[in-house]
1. Using a simple charge model, +1 on the beta-carbon of Lys and Arg, -1 on the beta-carbon of Asp and Glu, nothing else, what dipole does region 604-691 show about its Cα centre, in debye to the nearest 20?
2. So who's got an amide H within less than 5 Å of the one on residue 595, skipping anything under 5 residues away but keeping other chains? H placed 1.01 Å off N, in plane.
3. DSSP loop trypsin sites (Lys or Arg not before Pro) in region 409-446 with at most 13 other Cβ atoms within 10 Å of their Cβ, which ones?
4. Simple spin-label model, 7 Å along Cα-to-Cβ: residue 590 to residue 661 in nm?
5. Going Cα to Cα from residue 166, which aspartates and glutamates come in below 17 Å? Please leave out same-chain ones fewer than 8 positions away.
6. For residue 526, enumerate residues with amide H under 5 Å from its amide H, sequence gap 5+ or separate chain, H modeled in the peptide plane.
7. How big is region 165-216 in terms of Cα radius of gyration and Dmax, in angstroms?
8. Over what distance in Å are the Cα centres of region 360-400 and region 671-715 separated?
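The values are calculated or read from the model by the stated rules, or taken from the named source; none is laboratory data. What you see is a predicted model; the values in this text were computed from it and never measured. Because the Cβ atoms are built from the backbone with ideal geometry, glycine has one as well, and the counts that use them run over all protein chains shown. Just so you know, the surface numbers come from the protein's heavy atoms only, side chains and all, with ligands and any DNA or RNA stripped out. Shrake-Rupley method; radii C 1.70, N 1.55, O 1.52, S 1.80 Å.
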Amino acid sequence: MNKIHLVLSCLLLTAATGGAAEDGQPLHPVTLAAPVPDREVSVQVNPPSLRWPVAKGSRVRYAIRLSQDPTFAAPETIRETELRWAMFNPHQRLAPGTWHWQFAVIAKPGGEPAWSPIQHFRVEAAARTFVTPPAAQMLAGVAATRPRILLAEPTPDPAARRELLKRAERLAAKPLPAPDDANAKDEGKTEFERKNFAKWASKGFAGDILQPVKELVRAYRLTGDRRFGAAALKYGLFVAGLDPAGATSHRVSDFADGACIQAMAQVYDGCHDLMTPAERRQVRQALTLRTSAFFASALNNLEVKIFNAHIWQHILMQATESALTLIGDEPEAATWLAYVYELWIARFPTLSATDGGWANGISYFGTNFATMQEMPTLLGKLSGVDFFDHPWFRQTPYYQLYCWPPGSASDGFGDGAERSDPPADARGRFVEELGRHFGDPYALWYAEKVRGRLEGTAVKPVSPRDLPQARAFWDVGIVSMHSDLAVVPGDLMVGFRSSPFGAYNHMHRDQNSFNLNFGGARLFVGSGYYIGYGDDHFTGWYTQTKAQNSVLIDGVGQVAGPEGFGGLRAFEDSGDTSTCVGDASHAYGEKAGLRTFRRHLLLLRPSTLIVYDELEADHRARWDWLLHSPQRLTMVEGTLRGENSRALTRVDVYASAPLAMKIDTRFDPPAGNWRNKKSGGQILEYPDQWHFSATPETPQERLRVLAVIQVQARESAAPLPAPQWADGAVAVGKWRVQAEMDPAKPARVTPGRP
């Protein structure tokens, strides 16, 4: 049969909508454009956080009223005035039923409030309850004594204590850096390169100061040895003497500025008893100057921005430490800490909701480890509330387990995820802490596999062998399917992304794309290299749809930003099979003329993946069906063959119109090591990769594409069989998939046995 066939399914499964807005508008705009919650939505948590669009101006204030009485006349109405930020946490449990609320903008002190339309939401009796004390009560928990910051630091075990003190001895004898070390040694060939080399030099310089400060302050507080405290103080005074508008300024590197803030905060807090009044004044003034600049840009801003990567990764935590230690010495410090407290309650997790996923991808998730652990610990100790008591924290160990198994490459989505490394110790440590907190045996299994044998766990680690072998992370639009989650050498791992968050920051334009690993090694994955954020290869290839295992229309890929969104439409795992459906119909923007792009994945265990696409445009369009591999691809009698170090694969692609197929190895733009990155002392090279496309010979208004991807271990003796078509079904191995072939008819699929 000519490969003009096409199959698969609507799979009318009942599931959450997974995130594409019904009206075609993104669910996660960069800046909040309308009040939330509204439209009679049933809130997930009681009480919910109320947020609304900001009004610009340093003198702007807000008022709020919240009541079950739509006239707000009832005495139980909750009211607040003189709010400095565009969010409000009720800090009390709300009665079940419908609630009404308004916010008002007060343009200047003493001005009349301009009230918004009334918004409505529902509180169900079953909603999760999470009540936090008011900020004033939290602030009352700030100790008058020091240290305060080390509240979030666990007490080291004896072995860790010995190692810390050894490092502190070496650091105490180490000379201070020269201020000029913050300047780049390589100026680069372009303005883009110059700015980046300056940024990296500044970041590295400040980071090389911050880490010794942390260890020296901690060693001093643990032992009382003044040598360690004095060495930390030297660093603190050195940073206080740096030009805040110079090489370590926010303008050059916000990471460097944040590291300087944290270094001075830790010294001011932990070595306060060693400082003279003049030294305290010097550090306090320098610290206040940098911190006040951060909060001037954060207040009335961060609460409505979907995400700011660097701030949520490190800088918010660093500024929080500064606010905490300056309370009592700087009048605005209490306001800063209150803002962070309210912000964390209202916004975390910024790139998810409850599923444990992270929209920026599993690789960049790791940049948030410290903040995700330290902020809940610190706020919990100040407020008396367990800030880890959140479904997201309970679920995120499973995001790590399914999307980056021990001994395996990751699911491959987002910046940096093209690496073949297994999960690092820091990831295992993060999961271990949560596993211990919740007594989760599967999290502890993951941590043990990544880190080695765990000691002192009250709960025995348990293999995920008895867990479902597939899982959907609905909030972020990720599905991970496995043939053997517990035994990586024989595991066929399929990752799928169709995300309501779209494509911005460290996300790619990869809606409805999939990646495939076997035996922990990458097989069919997104292509290109993360050499430098924003360089030509990054913007022109690596993040583009043409570099993903997805689809182009008339040579055009998906749009950038939240507008380039997708969404999961269905997911089901039945043991022998796993299925999911993603919808990227809005991801290409209005100009592309794309009406429908629904992709169905069907994993037939142990080793076959079926990919089926429903494609429709408002015109006769060219469609390019794409597949990429870091290893060689070849065509053998119209069939695509691929491999990795552990597997061989056969890919048969069918469509509702005759296809032209080709393979090439060109990046456009190319991948060049302009940063002179090294590995093991050797300059890194970025070799070519292989790119496959299947394109109808003539433009099509409607198209169906079916791919049968078979995988087997390299040591298998028998060749992979050719799929066989008969009576509207394709037979492959032990499976027979009955399918609707006509693109004018509703798509359906029924997997079964021959």
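1. Dipole about the Cα centre, nearest 20: 500 debye.
2. Residues meeting the amide H criterion: 616, 617, 618.
3. Of the trypsin sites (Lys or Arg not before Pro), the ones in loops of region 409-446 whose Cβ has at most 13 other Cβ atoms within 10 Å are 419.
4. Between residue 590 and residue 661, the label points sit 3.9 nm apart.
5. Hits, sequence-local ones excluded: 157, 215, 225.
6. Amide H neighbours of residue 526: 549.
7. In order Rg, Dmax, the Cα atoms of region 165-216 give 14.0, 45 Å.
8. For region 360-400 versus region 671-715, the Cα centre distance is 35 Å.
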